[in-house]
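A quick write-up on the structure given underneath.
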Amino acid sequence: MKSIFTYIFLLCAGTAFAQDQFPGFLAGTWKVEGRNTFENWVLESPDVLKGEGYEVRKNDAHKTTEYLSIAYKGKDIVYTATVPGQNKGKPVDFKLVRADSVFIFENKAHDFPKQIMYRRIGPNELKVKVTDGGLKSFTMIMNRVLPETAATPQAIDNPKYDEALTRKLGGDEYGMKSYWLVILKTGPVVMTNKDSVGTIFKGHLANIERLAEDRKIVVAGPLGKNDHNYRGIFILNDIKTLEEAKSLLQTDPAVRSGLLEPEIYPWYGSAALPEYLDAADKIWKSRP
């Protein structure tokens, strides 16, 4: 995929999470498929959800298993769980780190779980995954029992909508998904040996080409002169966590050597962005 060096930047459909990043859709009562286990969420205000996890036993006894909330704490949206008999009754916070087709709440310092993920399958169905980020995890399907939300069509129908393509590309109901925007700036290391610098940047370009072929980088290119020492940008695709993005960037010899230093930001854009690469590979005439 040599054309990654010759493209015109495609920066489309917004620069941050969607406006509905607060998961108000959770309001209602949800039942875990195959079990008498429930979550009940009440939307107390547009930015505060209060919840309770509970079990219903054979004698209809109601046993609370956890107290939950989702609310703003400063600039962060935080999922808080308090489990009776655990953690000395103290609440545990999980910060929202992703909000699009899946809502991911994370606390890396906690033993288990470290991540709680809510994915909307439909208006009345959720897939919930609880994980330590490694081998230990469990997944539940939850169905809304009260109040049930009708599966009404979108306010604006798209006659060209392709559900199969949307699923393939990982798009949400808006045709969007999360990426990582990387701004490369001049790093702290200074090298005077031009041959060494040339070798490192040759490896830098080769690494971009390799990651583009793997669809891990879908946008890359240099920036013009500026007052911030910004040298270029990447948009990383199908990278779930900030740590994974940092690890991927360490495969770049210019980053690894310190000649370039990355700044990394979550970016929300069209899920169709990677689709332009096949066409772009047919229009380059020579390598830069």
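Please treat every number below as a calculation from the coordinates, not as lab data. Note that the structure is predicted; figures quoted are calculated from it, not measured. In this analysis, Cβ positions are derived from the backbone assuming ideal geometry, glycine residues included, and neighbour counts consider all displayed protein chains.
Couple of notes before you dig in:
- Largest to smallest principal axis extent of the C-alpha atoms in the range 24-163, angstrom: 54, 41, 35
- Label-to-label distance for residue 243 and residue 284 is 3.4 nm, based on points extended 7 Å past Cα in the beta-carbon direction.
- Largest to smallest principal axis extent of the C-alpha atoms in the chain, angstrom: 78, 51, 34
- Part-to-part distance (alpha-carbon centres) for the range 45-59 and the range 256-288, which is given in Å: 44
- Estimated FRET transfer efficiency (residue 111, residue 167; beta-carbon r; R0 51 Å; 0.05): 0.90
- Sorted by Cβ density within 10 Å, fewest first, the residues 168, 194, 88, 216: 88, 194, 168, 216
- Reachable lysines, given that their alpha-carbon falls under 18 Å from the alpha-carbon of residue 136 and they are not under 8 places away in the same chain: 108, 114, 127, 240
- The order of 244, 209, going from fewest to most other C-beta atoms within 10 Å of their C-beta, is 244, 209.
- Partners for residue 88 among aspartates and glutamates (Cα-Cα distance below 15 Å; same-chain residues under 8 apart left out): 66, 111
- Panel order for 268, 67, 72, 179, by other beta carbons found within 10 Å of each beta carbon, from fewest to most: 72, 67, 268, 179.
- Rounded tilt (10° steps) of 194-213 against the dominant C-alpha axis of the chain: 40
- Modelled label positions at residue 143 and residue 57, each set 7 Å beyond Cα in the direction of Cβ, lie 2.6 nm from each other.
- Cβ-Cβ FRET estimate between residue 276 and residue 48, R0 fixed at 45 Å, reported to 0.05: 0.65
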